[in-house]
Every structure is written in structure tokens, then in C-alpha cells.
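Notes follow the structure.
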């Protein structure tokens, strides 16, 4: 369900240890692996169609499984939340695993809110939704906007278990929600009500019985179409798409007036739906939603698959919580149009043999490097649209720091720096496997059997170039440079927002919770003013990056300035693709959308809100700034 904010904490809190004791009694045999095989993800069904724990369907009467009947406190918790319950499960995430970036596009979740109650977790588990991030503590009760892109990162050796329950709500439920707390918006004297187990209480729960009709009513159809069109980024073909949708809705209304949901009309409904679907496929092929997803993925899930259930084979069976288009993650925004380009394609050499001593499939990986808050997400989200590139969907914190040997804790939290000695043959093999397991192309497809062109972007990689060169010997590095004044201003905003805390309990650190990249020498800055901290953070990151790039063969280093990228994204991306031997078949409008991690709307002079603080620390970075400018000119 789309909410007005990314997260809301409900005013309820539960006894997590008692919950965990109930869960442990169910035993390991009750858990099921993720249907799509996502590593580290498993589930234990509590409410399912007809109470069948083997069913992943989201259409049919929802009833309790034997597992829920064996958990009296879990039943009491669901009763205290007070809602009509749909499909509900315990969701487990093993240590150093993640729930991949996705948005819930299916029809079922259009009108259902997802409730999370953490049963076992750690402070380092991060739940990201849109541009917000929270750590849900054990026993708390949360809802979130499932329409936005979201993911969970468990960068910890211990497992995480949540109660995850879907509901259309109820009057009582929405009263809880209206009394909830939005992170970052303090509520005076807000205190959640603690609800412990009651051995005498055996509550009755209310379950869904109807969730998918045989034929969608024309009024529901119109509401869903209007929602999708309203969530779409305007393009020149939008007026035509709206006309086609209005015409189809009128046709559906006429059929409904004649047949209603009667089986007699199913063939006529199907005869109207199929050409409409084909026409929308043609018209909306490049249409994007504001949440960054492709329009057609949501259209197929919400309209085509749900408007008519005349064939049991078309039943809404969702394999897990991830939409198939979840990995076709595209930048959304107000002013971006993507259409097929007419310029010639630059084809990769299909016969090239990957330079890979372990014999795996990575071929000339492309690694974006920059200091934090330099616009690398926007460049990544744009470049990942190139055909043939594969990504893990976002930053690779789980892939890299999910390995104990590569987490800063293994080196006494000295920094995110990784040198070549850290890349042992066994670790290289494991890391490549972790990357390969999560790769998807721009359309959500898995890598082909041939060579893989990986696109990687994580700001911490600015400190890992020697390590990455050993893991990916033929990697190409793209250095993105942005005016340091703009970067320092954005870094100050990131630190003060609380949304970019990478190591919130950094041992020995006296200051605000550590945010962004952890650079060598950080202990010396404890207690310093924030502008000085971010200036030294930028300087150390950029200096180390430039030192390491000096050792890379010239033709494998590529440069791009952020201001020029914004001024002419099409020309800059095409230039990069030519240098990197990549195809580029899209046409970008002059103004790119905001990236998912944008804190506030960009503006040329926005940095001046921190001008006095920034000007005071510029001498600390001047030598490195001049060196970076010289490096950019040396092409």
C-alpha cells in the first residue's frame, strides 16, 4: 500500500523473548526456503489460503495454519493489532543476507498494508524504504510504504526474524496508525503500550475470505488505472495512453452492465482485455513510475493478471514477496523520458575471453568511484539502463561487508580500506559468487551463460581499489568528480539527517553517529566540529582514490564531471559507453530525475546554506582538490 510517509511505528510493543520462545518451539522443519531461491531468506507460514502452509497464493480464503494455532502469544499480538488478516508469515533473514531492493506491485498489495514485528534482530539491521532508513527494534510494531523501493540489509552474523502480516486494516487498526510515530518527527510524550502474553486469553482472529473476484468491477478497474497513470512520469505519449485506458474502461463498463461477473461473459471480457494489454505493451514500453519501477510491470500485475480470473492457471500465485520486475530498477522523477534512440549501437565483442584467473564469467566490470554524496547513485541509476550491464540492484554492502573478513570489525574498525592482501583466492571466489547470485539486468533478467558485464557502485569502494583490482583484474574504473563545496554541504546534510549512519556504535568515537565512508585516521577527529569531520573525510577519500588510480593502466580509468553529466546526460553517458565498449539504446531528456538518496532538491547554489562553515574548512582540502582537478584534465 502506498502511504504518505515511508515508515510509521504503531503505539504497541510486545515481549520479543516470549515470541522467540514460541517460534523456537515450532522447530526448523516448519521453515520453508524462499520460492525464488534468494540466499538467506526463509519463511514460516502462519496464515495462508485455506490454511495450507505450502501455498504461496494470494487469492482465496485466508485461514490459520497449524503453526499459528501452536502460538498463542502470536495470536494475541495479531488480535491486539486488530485487523482483518491476509497472508501472514514469519520471515527469517540469515546472517550477512539481504532482502533485495524491490517494490510490491502485485494487485494484492495495492490495498494491503504490511505489518512488521521484529522478534529477533540486531541494531545493525537496516530497513531502507525510499530515501528513509530505520532499525526496527525487537518487539516494536511498524508499517511501511510497500509501493516505494525497499530492502533489508542484515550486515551481521546473527539471523533476523520478523512477524510479517498483510492486512486491509480495520477501524481499530487505523486508530493505532493515526497514533503512530514517524521517524524524524518527534511526538511529545509518545509512549507505545506494552502488551505481554496472557495465558488465559484465546482470541478469535478475523481473516480475509474475499480478495480476488472472477471479474474486476469497472469502478475498481478505473481506480487502479487512474492510480497507475497518476504514478507515472509524464511523457509525450501519455495523452494517448490515457485515451486508450479510458476507452477500455468504457468497454469494460458495457460488458459489466451486460454480464456482471457471470461466466457467460468471460470470453467477451478476455476478448477485450488481450488487445488492450497488447496496445499498452506497445505504447508504454518505456514508461516509468515515480517509485523507479517500470510501468508495464505494475500494469501486468495489477490489471492484466487480476482483471479476469477465468482460468485457474492464471491465479495470483506470487513466489515470495518480490515482484519479477523488482530488479528492473530505474530512476524515477518528474522530467525523464526514455525512448528508443536512433543512433548506432556500440556492440561489445561477443568473442572476448574474460580475463579471470578463477575461470568465472566476469568480463571488464565497470566500477564507479567517487567521494560520498558526489552523485554516484544518479550516475549508477542512469548507466545501469545500458543493455548488457548487470547490477546487484544497489550498493554492495551485503556482498562485501557481509563477509566477516571484509567487515571493518575484523580490522578493529580502522577504516573501510581494503588492500590487495585481503583478496585471498578463497575469498575472491566467495565474493564473486555473492555478486553473481544477486545480479539482474535492466529488465530484471538473470545473467546469460556468456560473459557478465558487472556495474558496481558503492562509495566505500573509493578505499578498495587495490582489493577490487585483484578480485576483478580487468575492471574499468569510472571516477566521478563533483565540486567539493557541493559535496561537503551534502555530507553535512547526510550526517545531520541520521539516514546515512554506517556505524552507529563506532567504538571510541565521541561525536554524532558515524555516517558515510569510514576513512583512515578517523579516531583523530573525535570531538571535532562536523564541518571539519566531513572535510577531512572527503580529503582522505579523494587522496587515497587518486593515489590508487595512479597505479591503474590509463585506458582502464575513465573520468566524468558531475556538472557536465547534469548539463548533457545523453552526451556524457554515450561517451562513457563508447569508452567502456557498452551499447546505449536510450534517449535521455535534458534533466535527469533525482536519485533515490537525494536529501533535498538540487540547486546550483544550494551549498551556500553552509557557506560559512565550508569556506572555513576549504584550506584543509585545497591541495587534494587541485590534484583532483588536474587529474580530470589529464585525459
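General observations
- Residue within the stretch 187-203 that is at pLDDT below 95, part of a loop (DSSP other than H, G, I, E, B), closer than 25 Å to residue 282 by Cα and touching a strand residue (DSSP E or B) at 6+ places or on another chain (Cβ under 6 Å) present: no
- Matching residues in the stretch 181-202 - criterion: being more than 31 Å from the chain's Cα centre (by Cα) and exposed (fewer than 14 other Cβ atoms within 10 Å of the Cβ): 188, 189, 193, 194, 196, 198, 199, 200, 201, 202
- Residues of the stretch 442-463 satisfying the condition of being out of contact with any strand residue (DSSP E or B) (no Cβ under 9 Å at 6 or more places or on another chain) and under 15 Å from residue 546 (Cα atoms): 463
- Residue within the stretch 481-491 that is at pLDDT below 95 and farther than 19 Å from residue 614 by Cβ present: no
- Selection count where residues are assigned to a strand (DSSP E or B) and either touching a helix residue (DSSP H, G or I) at 6+ places or on another chain (Cβ under 9 Å) or at pLDDT 95 or above (or both), scope the stretch 50-86: 6
- If you go through the stretch 453-468 and keep only what is touching a helix residue (DSSP H, G or I) at 6+ places or on another chain (Cβ under 7 Å) and either over 19 Å from residue 155 (Cβ atoms) or in contact (Cβ under 8 Å) with a residue 60 or more places away in the chain (or both), you end up with 454, 455, 457, 458, 459, 461, 462, 463, 465, 466, 468.
- Among the residues listed as 24, 111, 56, the single one being on the phi < 0 side of the Ramachandran plot, free of Cβ contacts under 8 Å to residues at least 24 places away in the same chain and assigned by TED's automatic domain parsing to the domain that holds residue 164: 24
- Given (1) closer than 30 Å to residue 134 by Cβ; (2) touching a residue at least 60 places away in the same chain (Cβ under 8 Å), number of the condition residue 574 does not satisfy: (1)
- Leading residue by the ranking (surrounded by the fewest Cβ atoms within 10 Å (Cβ to Cβ)) among those in the stretch 4-18 that are more than 18 Å from residue 135 (Cβ to Cβ) and more than 24 Å from the chain's Cα centre (by Cα): 17
- Filtered residue count, the stretch 445-464, keeping only those that are buried (at least 20 other Cβ atoms within 10 Å of the Cβ) and over 25 Å from the mean Cα position of the chain (by Cα): 1
- As a summary of the residue check, residue 173 satisfies the conditions (1) outside the structural domain of residue 256 (by TED's automatic domain parsing); (2) surrounded by 14 or more Cβ atoms within 10 Å (Cβ to Cβ); (3) not in a helix (DSSP H, G or I) except for the one numbered (3).
- Condition check for residue 221: surrounded by 18 or more Cβ atoms within 10 Å (Cβ to Cβ), at negative phi and touching a strand residue (DSSP E or B) at 6+ places or on another chain (Cβ under 8 Å): no
- Any hit, the stretch 420-432, residues being part of a loop (DSSP other than H, G, I, E, B) and in the same structural domain as residue 558 (by TED's automatic domain parsing): yes
- Filtered residues of the stretch 267-307 (kept if farther than 28 Å from residue 385 by Cα and either in contact with a strand residue (DSSP E or B) (Cβ under 7 Å, 6 or more places away or on another chain) or in a loop (DSSP other than H, G, I, E, B) (or both)): 269, 270, 273, 306, 307
- Residue count for the stretch 527-552 satisfying the condition of being out of contact with any helix residue (DSSP H, G or I) (no Cβ under 9 Å at 6 or more places or on another chain) and under 16 Å from residue 414 (Cα atoms): 0.
- Only one entry in 99, 152, 168 is in a strand (DSSP E or B), in contact (Cβ under 8 Å) with a residue 24 or more places away in the chain and either surrounded by fewer than 21 Cβ atoms within 10 Å (Cβ to Cβ) or not assigned by TED's automatic domain parsing to the domain that holds residue 60 (or both), namely 168.
- Candidate set from the stretch 119-140 (those that are in contact with a helix residue (DSSP H, G or I) (Cβ under 7 Å, 6 or more places away or on another chain) and outside any loop (DSSP other than H, G, I, E, B)); member that is farthest from residue 1 (Cα to Cα): 120
- Any chance residue 417 is assigned to a loop (DSSP other than H, G, I, E, B) and within 14 Å of residue 400 (Cβ to Cβ): yes
- Boolean, residue 211 is part of a loop (DSSP other than H, G, I, E, B), surrounded by 12 or more Cβ atoms within 10 Å (Cβ to Cβ), out of contact with any helix residue (DSSP H, G or I) (no Cβ under 7 Å at 6 or more places or on another chain) and modelled with pLDDT under 95: no
- Some residue of the stretch 536-546 being at pLDDT below 95, within 30 Å of the chain's Cα centre (by Cα), in a helix (DSSP H, G or I) and surrounded by 20 or more Cβ atoms within 10 Å (Cβ to Cβ): no
- Residue check for residue 310: farther than 21 Å from residue 237 by Cβ, modelled with pLDDT of 55 or more and assigned to a loop (DSSP other than H, G, I, E, B): yes
- For the condition modelled with pLDDT of 90 or more, surrounded by fewer than 22 Cβ atoms within 10 Å (Cβ to Cβ) and over 19 Å from residue 567 (Cα atoms), residue 357 does not qualify.
- The residue of the stretch 245-266 that is farthest from residue 382 (Cα to Cα), among those that are part of a loop (DSSP other than H, G, I, E, B) and out of contact with any strand residue (DSSP E or B) (no Cβ under 6 Å at 6 or more places or on another chain), is 262.
- Condition check for residue 532: assigned by TED's automatic domain parsing to the domain that holds residue 403, in contact (Cβ under 8 Å) with a residue 60 or more places away in the chain, closer than 30 Å to residue 185 by Cα and surrounded by fewer than 15 Cβ atoms within 10 Å (Cβ to Cβ): yes
The values are calculated or read from the model by the stated rules, or taken from the named source; none is laboratory data. Because the structure is a prediction, the values reported are computed rather than measured. Cβ coordinates were reconstructed from backbone atoms using ideal geometry, including for glycine residues, and neighbour counts include every protein chain displayed.
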